[in-house]
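Comments concern the structure below.
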Amino acid sequence: MSQIQYVPLSPIDPHRFESVLSAEQYAALLHLIEDGARELRERVVWNVNSTARGGGVVELLKPLLGYSRGAGVDARWAVIHADAPFFTLTKRLHNHLHGFNGDGGPLGERERLHYEHVLSQCSAELAPLIRPADVVILHDPQTAGMVEAIRRTGATVIWRCHVGRDHRNQYAYEAWEFLRDYVLGADAFVFSRDAFAWPGLPADRVAVIHPSIDAFSPKNQHQTREQTLAILSASRLIPDDATHGSFVSSDGTPGRVDRHAIMVQERPVPEDATVVAQISRWDRLKDPIGLLRAFAQHVHGATDAHLILAGPSTVAVADDPEGAEVLDSVVGAWHRLPADVRAHVHLASLPMDDVDENAAIVNALQRRADVIVQKSLAEGFGLTVAEAMWKSRPVVASAIGGIRDQIVDGESGVLLHHPRDPAECGAAIVRLLRDPPHAAQIGQAAHIRVRDHFLGPYHLQSYFELIQRLVRQPA
């Protein structure tokens, strides 16, 4: 079996940003496109990660590489193939980098040997395609062990780490001890926040690049109220009164919602219900059970709201072996809720057969929600927060990681300074639900903040500037 999957990419015209940027911002984007295309002519910019479906890295890569190709850059996307033990190990590393023990398994010599074996096979297949003038961006712990082999091709190598912790603990240091020697040979290290950069790395090779969202993807494109309700109805997130829900696919062609969410609920969400929603992977670090507790103890009874906890179908996310286990635990916690609370809580596993269809459903659910929550215990950046803010939704989110870079507390969202405290979370939700004008004001400020700081052009600019600096350096 091939160790590398090459993901097809369609070019996306970056000139579409004229409709959402100021004249000054748009002029800067045009200059960036011209300069970047000239600098990277005859070079391939490779991005290598561990999945083409699900998760924040995929959300970033697909549009950014599409815009890069649309700007005349030969950007390519390669995905490594690995077995279940490899992904169990890299999920363990992911959890450790966030400061958590994860499954409690070891990071010993046996794990290291298997890690190196898998990545040596991946490197052996990819390396013959890489030329010395190329740039290779390796993403996260899953690809860290490829740095040295790719460096031997003569290419410029960047290791991009999307996860981290502001204050490192024993588990985080154990993960870094495992990874350090693999990545030290990279030409640059990219982190999402200053605090995530590891001590001991050469300062002149460290860069901080905030992630971004694509305003025109099926997940973030504008939807009319009627379109939103049709998509939710077609996917069975609300009672099925529509024949179809339409959207525009990533390639600009028409799309339609044909598949249904798998719902765990007593009865469907009422048409006129007030909705609180959290949409993320089924991951303990997203604290879905903690949100169930906060809703049951502090929101239900104080309001008549309904809670929707939504995540991807667990059979579709190959590099997250814990997803099904976490979803099972959430379903168990749902069954243990008092009957009156359980009637107001809905669990949704969203179809992943078509990633654009999934994105359109997420978009609709975020737009339908009155309040979006991201009650994470750890977060590299939290793209779901930026997505909800772009849709002018009031967001309640934990004051951790990159979420703190996105939300100005009390102005463009509400930060939870004690993420494990259900009372703080519940009170923040209730305040927004009881004061719709204030919630709308926060939502409007949230949209402006994303427009000015977290759209694709800023992300592209940061990467182009880094790559230009690296390729101009003497060998």
(request) All but one of (1) within 20 Å of the chain's Cα centre (by Cα); (2) of a type outside the set (S, T, N, Q); (3) at negative phi hold for ARG293, so report the exception by its number. (result) (1)
(message) Out of everything in the range 102-128 that is over 17 Å from GLU148 (Cβ atoms) and open to solvent by 60 Å² or more (accessible area, probe 1.4 Å), what residue ends up being nearest to the chain's Cα centre (by Cα)?
(response) ASP103
(message) Here is a list: SER2, SER22. Which entry is of a type in the set (Gly, Ala, Ser) and under 22 Å from LYS62 (Cβ atoms)?
(response) SER2
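Matching residues to (1) more than 16 Å from the chain's Cα centre (by Cα); (2) in a loop (DSSP other than H, G, I, E, B):
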residue: ALA195; (1), (2): yes, no
residue: PRO199; (1), (2): yes, yes
residue: ALA207; (1), (2): yes, no
residue: HIS210; (1), (2): no, yes
residue: ALA215; (1), (2): no, yes
residue: GLN221; (1), (2): yes, yes
residue: GLU226; (1), (2): yes, no
residue: LEU229; (1), (2): yes, no
(request) Output the residue which, of all residues in the range 11-23 that are out of contact with any helix residue (DSSP H, G or I) (no Cβ under 6 Å at 6 or more places or on another chain) and in a loop (DSSP other than H, G, I, E, B), is most open to solvent (accessible area, probe 1.4 Å). (result) SER22
(message) I need a count of the residues in the range 141-176 that are open to solvent by 20 Å² or more (accessible area, probe 1.4 Å), in contact (Cβ under 8 Å) with a residue 40 or more places away in the chain and in a helix (DSSP H, G or I).
(response) 3
(message) Exactly one of these conditions fails for THR224: (1) closer than 24 Å to ALA37 by Cα; (2) hydroxyl-bearing (Ser, Thr, Tyr); (3) out of contact with any helix residue (DSSP H, G or I) (no Cβ under 8 Å at 6 or more places or on another chain). Give me its number.
(response) (1)
(message) Condition (residue is within 21 Å of LYS62 (Cα to Cα), open to solvent by 10 Å² or more (accessible area, probe 1.4 Å), modelled with pLDDT under 95 and not in a strand (DSSP E or B)) applied to the range 435-451: is it met by at least one residue?
(response) yes
(message) Within the range 382-427, take every residue that is acidic (Asp, Glu) and farther than 15 Å from LEU285 by Cα and give me the one that is most open to solvent (accessible area, probe 1.4 Å).
(response) GLU411
(message) From the list ARG53, ARG112, ARG38, ARG92, exactly one residue is at pLDDT below 95, assigned to a helix (DSSP H, G or I) and of a type in the set (Lys, Arg). Which is it?
(response) ARG38
(request) Consider TYR26 carefully, then state whether it is modelled with pLDDT under 95, buried (at least 22 other Cβ atoms within 10 Å of the Cβ) and assigned to a helix (DSSP H, G or I). (result) no
(message) Against the definition (assigned to a helix (DSSP H, G or I), closer than 17 Å to ILE4 by Cα, in contact with a strand residue (DSSP E or B) (Cβ under 9 Å, 6 or more places away or on another chain) and touching a residue at least 12 places away in the same chain (Cβ under 8 Å)), how does LEU65 come out, yes or no?
(response) no
(request) Inspect the range 179-194 for any residue being open to solvent by 40 Å² or more (accessible area, probe 1.4 Å) and modelled with pLDDT under 95 and give the result as yes or no. (result) yes
(request) Run SER392 past the list (1) more than 26 Å from GLN265 (Cβ to Cβ); (2) assigned to a helix (DSSP H, G or I) and report the number of the one that doesn't hold. (result) (2)
(message) Condition check: touching a residue at least 40 places away in the same chain (Cβ under 8 Å) and surrounded by 19 or more Cβ atoms within 10 Å (Cβ to Cβ). Does HIS81 satisfy that?
(response) no
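The values are calculated or read from the model by the stated rules, or taken from the named source; none is laboratory data. Note that the structure is predicted; figures quoted are calculated from it, not measured. Using ideal geometry, Cβ is built from the backbone for each residue, glycine included, and neighbour counts are taken over all protein chains shown. To get the accessible areas, we keep the full protein, side chains included, count just its heavy atoms, and leave off ligands, DNA and RNA. Shrake-Rupley method; radii C 1.70, N 1.55, O 1.52, S 1.80 Å.
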